[in-house]
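Engineer: Starting off with a structure, shown below.
None of the figures in this text is laboratory data; all of them are computed from the coordinates on show. Note that the structure is predicted; figures quoted are calculated from it, not measured. We place every Cβ from the backbone using ideal geometry, glycine too, and count neighbours over all the protein chains shown.
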Amino acid sequence: MLEITWLLTTIAQSTAALVAIIGGLLVSRYVSLHAQQKAAGRRVADLSRRHEAAAESFQAARESLEAFGIELLSHDPGIYQRLLRLPAEIGPEDIPEDLLQVTSLADEMDRDRFRQRLVELRAELARAREQIGQRLPSGGSRPSWHEISSQLDFPQREEHLWAWSYRLLCRERDLSQPADPGAVPVPARLDWDDDADTQWDIAEHQVLQRRVEQLGSESRSLRQELQLARETLEASRQPEGFRLALLVLSTAVALGIALPGAALAFWPAQAPWGAELALRALCLGLFLASLGVILRFLFHYAAFLRGDEPQLPDRLWHLARRRSAWRDSLPPEGRPQTMSTR
């Protein structure tokens with residue numbers, strides 16, 4: 001029969017070889033995961049910066065589109081006509097709701113900001129009618145808009161409103177005068193093509209709208225990429241099965257190396273045969289148990305990689321249970337789906 005010292009040495013060496021092989025694989029995997037974690041961290045940082053910049057550009061483009069949309073509606077004669085039906089001095093709360101829905105552009109802007117702009121337009125209409133009415137002759141030849149605008153004091157952004165008010169006042173003066181069969185009507189003369197300006201404004205608004213849609217799509221795409229990158233980084237920080245693998249190796253070291261090593265160090269040279277036989281059985285049984293734990297872990301891990309198991313056991317003693325019993329211990333949402341044999 002093999003001497004007990006040789007038996008204990010063989011058990012310790014065999015266990016150490018297994019631990020070295022599996023531990024080496026784990027260490028190499030840890031090094032690989034560390035590199036993946038660093039790369040994932042750099043990608044998360046890069047995507048975070050890009051998403052933040054894209055979100056800022058998208059917000060700035062939306063604000064520009066909203067401001068331009070409000071200014072575009074500020075050049076709408078239909079809005080001027082409806083505002084003239086309201087009192088000259090009104091507040092934002094006095095703007096009727098139907099006036100906010102005059103065009104589809106109203107859906108793209110802040111209601112409160114649009115209300116405030118309509119209040120400003122109503123006040124500007126009252127001021128324009130007053131100043132133009134004072135300088136516009138009731139009959140005969142009338143000055144052109146270019147001639148009369150040099151005598152008026154109005155903001156540059158409101159020139160379209162004042163020109164429209166000039167044209168409306170000229171039309172009202174013509175309608176208020178008695179018809180003269182020999183008179184030649186003098187039309188209100190504007191010095192630019194109003195339709196051309198409107199078409200240019202609409203085209204520019206469409207360009208801004210496409211820009212907002214493009215930036216919005218880019219921002220959403222970057223947000224999705226950032227979410228995936230964060231999930232990858234989190235997965236590299238908590239790899240599935242590493243904790244269980246360390247528990248398995250620790251158990252193998254304790255049963256297959258530490259115990260035989262302690263027996264070699266403290267076992268007396270002349271021990272009773274019964275005690276030596278018990279030690280042989282104990283060390284050999286513990287070695288086989290540690291080997292079974294390692295193999296059982298590998299079987300579970302292989303099933304997990306194939307998708308037969310939704311997750312690995314979270315406790316070391318769960319490895320000793322049958323797979324069916326372990327699956328039954330999982331919550332319903334964590335159990336793997338099995339196909340019916342009916």
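Engineer: How high is the FRET efficiency from Leu291 to Arg49, r the C-beta distance, R0 56 Å, rounded to 0.05?
Structural biologist: According to the calculation, E is roughly 0.65.
Engineer: Another question about this same structure. With r defined as the distance between the Cβ atoms of Gln224 and Ala20 and R0 fixed at 45 Å, what FRET efficiency is calculated, to the nearest 0.05?
Structural biologist: E between Gln224 and Ala20, to the nearest 0.05, is 0.55.
Engineer: Whole-Hz ³J(HN,Hα) for each residue in the range 49-63, computed from phi via Karplus 6.51 cos²θ - 1.76 cosθ + 1.60 with θ = phi - 60°, x for glycine and proline: what do you get?
Structural biologist: Couplings: 5, 5, 5, 5, 5, 5, 5, 5, 5, 5, 5, 5, 5, 5, 5 Hz.
Engineer: Let me ask something else. How big is the equivalent ellipsoid of the range 1-160 along its three axes, where each semi-axis is √(5λ) from the Cα gyration tensor, reported in whole Å from largest to smallest?
Structural biologist: Listed largest to smallest, the semi-axes of the range 1-160 are 83, 17, 10 Å.
Engineer: To continue, here is another question. Taking 7 Å along the Cα-to-C-beta vector as the label spot, tell me the Lys38-Arg237 distance in nanometres, rounded to one decimal.
Structural biologist: Inter-label distance under the simple model: 1.8 nm.
Engineer: Taking a virtual spin label 7 Å from the Cα of Arg211 along the C-beta vector, which residues in the range 51-66 bring their backbone nitrogen under 14 Å of it?
Structural biologist: 57-66
Engineer: If each of Ser64 and Ile90 carries a label point 7 Å out from its Cα toward its Cβ, how far apart are those two points in nm?
Structural biologist: Reported label-point gap for Ser64 and Ile90 is 3.2 nm.
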